[in-house]
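All remarks here apply to the structure that follows.
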Amino acid sequence: MIDIKGTTEWFFTSEKVKNSVDPAVRKALSKFGAFVRTRARSSIKKRKGISPPGSPPFSHTGILKKFIFFSYDPVAKSVVIGPTLAGSETGAPEALESGSSKVAARPYMGPAFQAELGGAAGNFRDLIK
């Protein structure tokens, strides 16, 4: 999960990122982050009850969907996409994604990432010369 405290300075719209990352790289990483976030959010449907194991979780309050963000990681020089700690201090987003001893996995970030990975090649194609 992303710790949102101190992360907003690494949002792709911040001056810090605009001044330290090549514009083409920033655009490609930002696009990929936005696409994965959108796909993850749209996979979480508002329904009563519990989603089947192996499928994205159902949303009862909308909090999980609301707190999925993406930002630049200056150490790895990549994009980090996922739910924030501000969204849940309970560890529920992690338990839903990968499962736990009490909860069967209901992945939403991994499938979104994999689905968008194929389209990412086009975003990065022109960066290598």
Figure the gain on full extension for residue 80 and residue 20 (residue separation times 0.36 nm, minus the Cα-Cα span) and round it to one decimal in nm. 19.9 nm
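Looking at the chain only, what percent of DSSP beta bridges run antiparallel? Nearest 5 please. Please report the intermediate quantities before stating the final value.
Values: 6 of 8 bridges.
Taking every DSSP beta bridge with both residues in the chain, the antiparallel ones total about 75 percent.
Say a site is exposed when it is one of the chymotrypsin sites (Phe, Trp or Tyr not before Pro), sits in a DSSP loop, and has at most 16 other Cβ atoms within 10 Å; what is then the longest site-free stretch of the chain?
Details: sites that count: 11, 58.
Result, exposed sites excluded: 59-129.
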Provide 16, 65 in ascending order of the number of other Cβ atoms located within 10 Å of each residue's Cβ, fewest first. 16, 65
Could you check which residue among 110, 33, 118 shows the biggest mean-square fluctuation in a GNM of the chain with a 10 Å Cα cutoff? 118
Rounded, prolate or oblate: which fits the chain when a ≥ b ≥ c are the square roots of the eigenvalues of the alpha-carbon gyration tensor, with rounded for a/c under 1.5 and prolate only if a/b beats b/c? prolate
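A short reminder: the numbers here are calculations on the coordinates, not readings from a lab. The model shown is predicted, which means the values in this text are computed figures rather than measured ones. Note that each Cβ is placed from the backbone with ideal geometry, even for glycine, and that neighbours are counted across all protein chains shown.
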